[in-house]
Amino acid sequence: MKRIFVYSSVILLFFFQVLAVYSFDAQNLNKEVFAKRRQKLMDKMEGGIAVFRADAFNRDFYYLTGFDEPGAACLLIPDAEEKFILFVRPQSPARIVWTGKRYGTEEAVKVFGADKAYSMAQFEKILPRYLMGKDRIYCSFNNKELTDTLTQMIRRPRDNWPKEISNVLPPIHDMRMIKDSYEIKLMRKAIDITCDALLETMKAAEPGMYEYEIEAIIEYIFRKNGSQRPGFPSIVGSGPNSTILHYDVNKHQTQDGDLIVIDVGAEYGYYTADVTRTIPVNGKFNKKQKEIYEIVLEAQKQAIDKIAPGVGIYEVHYRAVEVIKDGLYRLGLITDKESRWQYRIWLMYNTNHWLGLDVHDVGSRGHDDGKGRRLEPGMVLTVEPGIYIGEHSLASLSETMRRSNARKEDIAAFLEKVKPIVEKYMNIGVRIEDDILVTEDGHENLSSKAPRTIKEIEKWMKKKSYLNK
Ligand code: GLY
Ligand code: MN
Ligand code: MN
């Protein structure tokens, strides 16, 4: 009797195991989207063969294949009948017991649309067969090991063998800068979840909470809504920590009267959001906080308003800088609006970056004429001006100045003048960050669901959250 029970338990367990392993995401993979990207890349290649290898999860590899298991390689061959070859870790029943199912070669074909699939163990042996007859190899120069191996291989004097190797990343990164509708759908979802998390946090925040409690609320809402993980370490900086740009220790207790900079992003389908809101922990901005906040908000609004196809990304940044400079001058935090260095004490970074599979997504911002890369429909960028007045700000002055052409006596005069104003606004850090999609006729703020105005934030903070009842 006992034995029968044990047997049936084992059978049941096996049954559930099989059920569990068959419910993974890739079954819903939109094969055509990835096929289209591969074709687009192959159209840009001049024949030859592209070789990719991803020992760990790799975003460029994922972008082209949708394949998200580590230990994979792929070949793209524009002129061949079988253009898309995948190498993957084979199925292993013994492994399933420990870590679950792998896609295996069968699913590499069925789910991911490979024309042919091999076990990764055969990669080195089979690769030369595919190199034969090609004149050029494309590979990712980020993968040094693969680049070195391929470079060694083509040094062998052989007929009918590749003689040249080129970097495949620039065309891929150009493609990644313009999001297709499938990507925009995923980004909308990641950003929506992030806004929901910020809204819940506004309701839940109260003085005395630890920064990590706020982080926990944010990340609970992420997971509750199907986000796999935060796209980058969540930043929850209160009081003095609000002035530290990438503060992610999140271990201090908030104090009544603190501002909190909350810079977070849910990841969804490997795409990440990146949204920042700055809120007063007690639900009401005080006068000094309002003065700084309004400057940052106006800078952000004007920068976002500029966004449209054909505008340079640096033009968006400089719009924000102009408004910030005006505001700082009004408050007495800078003494010269024309100075190239003064405002940089309070705003020390470029206020835009591309967003996508990476939080600081691939693609250059640069352009020869100083206006920066021209915006195109389908690009997604952040707009994130800020002002940060911390204990460290003036102390960092001499270091900042060393890199500029500022004269010593100018610095001394400046210090003398701004010191009392700095004291007044000490420990106020404000950043406001939204994720903007460039459209045919302008732009769309994908994170507008998270309130930004003082009035709206204060209104949301009056509400109660179900999480701290
Ligand atoms: N969260 C990092 C950034 O805003 O760039
Ligand atoms: Mn951010
Ligand atoms: Mn950002």
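The values are calculated or read from the model by the stated rules, or taken from the named source; none is laboratory data. Here the structure is a predicted model, which means the values were calculated and not measured. Here the Cβ is made from the backbone with ideal geometry for all residues, glycine too, and neighbour counts use every protein chain on show. The protein model used for the area step is the full one, side chains on, heavy atoms only, and it has no ligands, DNA or RNA in it. Shrake-Rupley method; radii C 1.70, N 1.55, O 1.52, S 1.80 Å.
Things worth noting here:
- Exclusive hit being more than 33 Å from the chain's Cα centre (by Cα), assigned to a helix (DSSP H, G or I) and surrounded by fewer than 20 Cβ atoms within 10 Å (Cβ to Cβ), set Glu124, Glu145: Glu124
- Arg129 meets the conditions (1) surrounded by 15 or more Cβ atoms within 10 Å (Cβ to Cβ); (2) over 28 Å from the mean Cα position of the chain (by Cα) in every case but one. The failed one is (1).
- Failed item, numbered, when Leu19 is tested on (1) surrounded by fewer than 20 Cβ atoms within 10 Å (Cβ to Cβ); (2) at pLDDT 85 or above: (2)
- When every residue of the stretch 302-324 is checked against the conditions, at least one turns out to be away from ligand 3 (no atom under 16 Å from the Cβ) and surrounded by 24 or more Cβ atoms within 10 Å (Cβ to Cβ).
- Whether a residue is at negative phi, surrounded by fewer than 17 Cβ atoms within 10 Å (Cβ to Cβ) and within 16 Å of the chain's Cα centre (by Cα) was assessed, and Ser364 passes this test.
- Residue list for the stretch 265-290, filter: within 16 Å of ligand 3 (Cβ to nearest atom) and under 14 Å from Gly356 (Cα atoms): Gly265, Ala266, Glu267, Tyr271, Thr272, Ala273, Asp274, Val275
- Number of residues in the stretch 341-353 that are open to solvent by 10 Å² or more (accessible area, probe 1.4 Å) and either within 19 Å of Val275 (Cα to Cα) or within 14 Å of ligand 3 (Cβ to nearest atom) (or both): the value is 4.
- Only strands (runs of 3 or more DSSP E) whose full extent lies in the stretch 345-445 are considered here, and the ones with at least 3 residues that are at pLDDT 95 or above and within 16 Å of ligand 1 (Cβ to nearest atom) are 380-383, 386-389, 428-431, 434-439.
- Count - residues of the stretch 434-445 that are more than 15 Å from Ala197 (Cα to Cα) and either open to solvent by less than 20 Å² (accessible area, probe 1.4 Å) or within 16 Å of ligand 2 (Cβ to nearest atom) (or both): 6
- Some residue of the stretch 332-340 being open to solvent by less than 20 Å² (accessible area, probe 1.4 Å), more than 16 Å from ligand 3 (Cβ to nearest atom), touching a Phe, Trp or Tyr at 6+ places or on another chain (Cβ under 7 Å) and at negative phi: yes
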